[in-house]
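Beneath this line is the structure, given in structure tokens, with notes to follow.
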Amino acid sequence: MRWAKSIGLCIFFGAISLVSAGGLGIPKKEDVPKYLKQLKTSPVAADRARAAEMLGKRGGINANDVEEAVEPLKKSLEKDIDASVRAAAALALGNIHSDAVGTVPLLIGRLKNDSAMSVKMASVVALGQYGPDAKDALPPLRELGKKFDAKKSKEGQTIQNSVMAISGKKKKG
């Protein structure tokens, strides 16, 4: 039963990521350099966000294809001035799911300190995708969860699902 819940949560988080990334169009491996350049150099925030989304989609299929994008995505998560780019970078890192030791603390930092709720929620989803590797995120996730009604708000439900994915058990109360 626990295994089925884990699979269900993975499918749930994958679906959230696909929907937030704009559908099912998966970029090809040969498109990765184009998106990486766009992420690093485009002056237009929407283009940088789209590049992060595409890198995340490709990384969800094969993380090795976007290995060189992980560090630029981390940098975008930490330093981009636009919240949509930071949120897209968080979701992409969750999809790629590499380097938990280096990525989970950055996601926790955005969860705690970002001024944009969209970035916080993208970090919540990404942390849930890391599962038990993100156990250090449980206290700040639970703290953020207190601000939402888990039964009535989408944010509360998403936070609760991430807590379950990380801890492997249902939230009490």
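Electrostatic tally near Tyr130: other residues with Cβ closer than 12 Å to its Cβ, Lys and Arg +1, Asp and Glu -1, net -2.
Taking region 102-141 and a reference point 7 angstrom along Cα→Cβ of Glu67, the backbone N atoms nearer than 19 Å belong to 102-103. Please find the FRET efficiency linking Phe148 to Glu78, where r is the Cβ-Cβ separation and R0 is fixed at 25 Å, and quote it to the nearest 0.05. E(calc), rounded to 0.05, equals 0.50. The fraction of Cα-Cα pairs per 10 angstrom bin, counted from 0 for region 2-167, comes to 12, 43, 35, 10, 0 percent, rounded to whole percents. For Thr41 and Asn113, a Förster radius of 25 Å and the Cβ-Cβ distance give a FRET efficiency of 0.45, rounded to the nearest 0.05.
No lab work stands behind these numbers, since they all come straight from the coordinates. Every value quoted in this text rests on a predicted model; they were computed, and no experiment measured them. Positions of Cβ are generated from backbone atoms using ideal geometry, with glycine treated the same way; all protein chains shown enter the neighbour counts.
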